[in-house]
Each structure stands twice: as structure tokens, then as C-alpha cells.
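> First the structure, then my questions, so here it is.
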Amino acid sequence: MQFQQLQYFVAVAETRHFTRAADLVHVAQPSLSQQIKALERELGVDLFLRARGNITLTDAGEALLPLARRILADADTARHEVQELAQLRRGRVRLGATPSVCTGLLPDVLRAFHDRYPGIRLLIEEGGSHDLVRELARGALDLALVVLPLPTPSPALTTVELLREDLVVVSSPDAQRPGEGRRAVRVADLEGERLVMFRHGYDLRELTVAACRAEGFEPDFAVEGGEMDAVLGFVRAGLGVAVVPRMVAARAGRGLRVTPLARPGLHRTIALAHRSDVAPPRAARELQRMLLER
């Protein structure tokens, strides 16, 4: 009994027509008929009752049909599983993330993923949440780490909350401590401070500016327009203070004073997003699992 014969048998059983079944499995109709006859000879029974314009299953055919379907399904599952395993030996994962997440959260997780799956190429795209959502929607990314709430909520995306992170104020150790030297500063204490501000489109920029306006003042920018590394560098140089994620501040090394924000403080929520209508590739799902279990 050959696997191909079972495919042909199921096709005829489902279409009840030899010519349509042959079209379905992309084979010439005489070849399909020959294989069905060969299967019947091997089993020693007729599987179909053939009458002009009417093909029906015999009792033997009815008995074989669920078994054949199960064999074909198991073979398809086996093929899929092997292909999935092969994807973990080679392939790629296209991951989008905001720059601050790239600096703070990703290095350790990506190192662990690379150690486990050295054949998988990691393609990282940095951008603001708005840009990353757009890239996910058009299929240019498998996964993205974005800041919630999304600037333009999309029902086509599935998001899973990853972490809720405090924001802190960083300044140069050589400069006066913000908030008149208090151990924790309020957002209101940033009035009168010169801020080093991120470029437009940065989630942290929008969050910080909104928090200042909620306290009744417009922030004063000493420098604006930088990416994360540039902002931290300008703060080290004493150009002003900046509001950054605690994880970024912890990784920034020497040359920065870190001051927490007094309660209720400022926070941001990082989520892992992917398209709802398309399952991520196996390698991307494995990275997703490692991020969620980190």
C-alpha cells in the first residue's frame, strides 16, 4: 500500500468522480485509475461501486476512508514538524523594537536565543511604536516590541504585555541634582530644568511632554532630536537632564546620576505584538516564548 495510492483514494472518495479527483491531485486520470485498481488488488476488495455517472464507496471503502485520512493527516503533521525543526537550525527572525528596548531589554534575551539557535539570523529594526505597527501590518516584521497604548490601535494585531517599567531622571554627576537635591523628584520639579529630548516619533518624548503639560508647564529643551545613545551622551556632557527607562539607566554605566521620580511617577508598558491573521514562523515563536519567560 503506497502513500500516493491513499491520496488518490481519498480524492475520489471526496469528489465521487475520477476526473475531478485527478485534477485535484494533479495527475492524469488514467494514472489515478490504475493506482486505485492496484490498491484494490492489494487489499483484495473493491473500494468503489462504479456506475455511469455515479461513484459510491463500498463497505470496505467506507472502512478505509477514516483510516486513510488519519494516515495522510499524520504524514502532513510529521512533515510540518520536521520543517519547523529545520527552521530552528536556519532561517531568520525579523524583530522590531523601540530604541530604548533595544538598549535595555533585548541584549540578554538575544544572546540567550543566539546561543541556543546559532543558525537563526536576527534582523533588528529600531523605530517608534507607530512605525513598528505599520511594518508589522505590511508583513515586514515577524514580531515587534512596542509601547502601550498603541498610537493607532489595530484590531489586526495581537499584543501581549511584557513588562511595566518605571521611568527615572538621569543627569550629569557634575551638575546640580534635579529637584533641589531631593532623593526623588516630581514631574513638577522638571519645570525650569533644561531637558535633553528625543526626536519626534519617540514614545518617551510624547510621554514626557504630556506629563509636563499635565503639571501645567511646557518643558524647556536644551537639545532635542537625538536617539537614545545620543541623549545619554548629551546628559553625560552636562547639557541637561532626561527622562529615560530605569532599565536603560541601569545599563548606561558610569557618568550618569539616576534619580527616581516620586510617586505616582511615570511608567511605560512594553508589549510583544504580532499580526493576528498570520502565525509567526517557528523561530519567531521560539523568540517570543523566551521573551515572555525571561
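> Calculated from the structure, volume of the Cα convex hull per residue in Å³ equals which of [x] 118; [y] 144; [z] 169?
[z]
> For helix 106-116, what angle does its Cα long axis make with the longest principal axis of the chain, in degrees from 0 to 90 and rounded to 10?
Once rounded, the angle reads 30 degrees.
> With charges only on Cβ, +1 for K and R and -1 for D and E, what is the dipole size of the stretch 12-110 about its Cα centre, in debye, rounded to 20?
My answer is approximately 360 debye.
> At most 13 other Cβ atoms within 10 Å and a DSSP loop assignment: could you name the chymotrypsin sites (Phe, Trp or Tyr not before Pro) in the stretch 153-221 that fit?
On the way: sites: Phe198, Tyr202, Phe217, Phe221; in loops: Tyr202, Phe217.
In loop regions of the stretch 153-221 (DSSP not H, G, I, E or B), the sparsely surrounded chymotrypsin sites (Phe, Trp or Tyr not before Pro) are Phe217.
> What residue among Gly265, Ile36, Ala283 has its Cα farthest toward the positive end of the dipole of the chain, where the charges are +1 on Lys, Arg and -1 on Asp, Glu, each on the Cβ?
My answer, from the dipole projection, is Ile36.
> For n ≥ 4 DSSP H runs only, could you compute -39500 (n - 2.57) per run for the chain, divide by its residues and tell me the 222 nm figure to the nearest 500? If you can, show how the numbers build up before the last one.
Details: 11 runs with 128 residues, N = 294.
That calculation yields -13500 deg cm²/dmol at 222 nm.
> Here is a follow-up. Enumerate the amide H contacts of Arg186 below 5 Å, restricted to partners 5 or more residues apart or on another chain; note that Pro and chain-start residues carry no placed amide H.
Those qualifying (amide H under 5 Å, at least 5 residues apart or on another chain) are Ala262.
> Here's another thing I want to ask about it. Please report, in debye to the nearest 20, how large the charge dipole of the chain is about its Cα centre when each Lys and Arg carries +1 at its beta carbon and each Asp and Glu carries -1 there. The partial results should precede the final answer.
Details: 39 positive and 37 negative charges, 96 e Å.
That gives a dipole near 460 debye.
> Charges at C-beta only: +1 for Lys and Arg, -1 for Asp and Glu. How large is the resulting dipole of the stretch 91-142 about its Cα centre, in Debye rounded to 20?
200
> If you don't mind, there's one more thing I want to ask. Would you mind calculating the relative contact order of the chain from Cα pairs under 8 angstrom and at least 6 residues apart, reporting the percent as a whole number? All intermediate terms of the calculation are to be shown ahead of the outcome.
Details: 460 pairs, mean separation 60.8, N = 294.
21 percent.
> Ok, one more. Put +1 on the Cβ of every Lys and Arg and -1 on every Asp and Glu Cβ in the stretch 30-182; which of Leu157, Gln87, Thr56 then has its Cα farthest towards the positive end of the dipole?
About the Cα centre, the residue reaching furthest to the positive side is Thr56.
> For helix 29-43, report the angle its Cα long axis makes with the longest principal axis of the Cα atoms of the chain; keep it between 0 and 90° and round to the nearest 10°.
70
> Within the chain, what whole-number % of the accessible surface is contributed by carbon and sulfur, with the 1.4 Å probe and all protein chains included in the calculation? Numbers along the way, then the final one.
Values: 7670 of 15550 Å².
Here it works out to 49 percent.
> Out of Ala211, Met197, Ala21, whose Cα points farthest toward the positive end of the dipole of the chain (charges: +1 Lys, Arg; -1 Asp, Glu; placed on Cβ)?
Ala21
> Give me the percent of DSSP beta bridges within the chain that run antiparallel, rounded to the nearest 5.
Details: 26 of 43 bridges.
Antiparallel bridges: around 60 percent, rounded to the nearest 5.
> So with the 1.4 Å probe, I'd like the accessible area per residue for the chain, rounded to whole Å². Can you show the working numbers first?
Numbers: 15550 Å² over 294 residues.
Heavy-atom accessible area per residue stands at 53 Å².
The values are calculated or read from the model by the stated rules, or taken from the named source; none is laboratory data. Since the model is a prediction, treat every value here as computed from it, not as a measurement. Note that we place each Cβ from the backbone using ideal geometry, even for glycine, and neighbour counts take in every protein chain shown. In case anyone asks, the SASA skips ligands and DNA or RNA and just uses the protein heavy atoms, side chains included. Shrake-Rupley method; radii C 1.70, N 1.55, O 1.52, S 1.80 Å.
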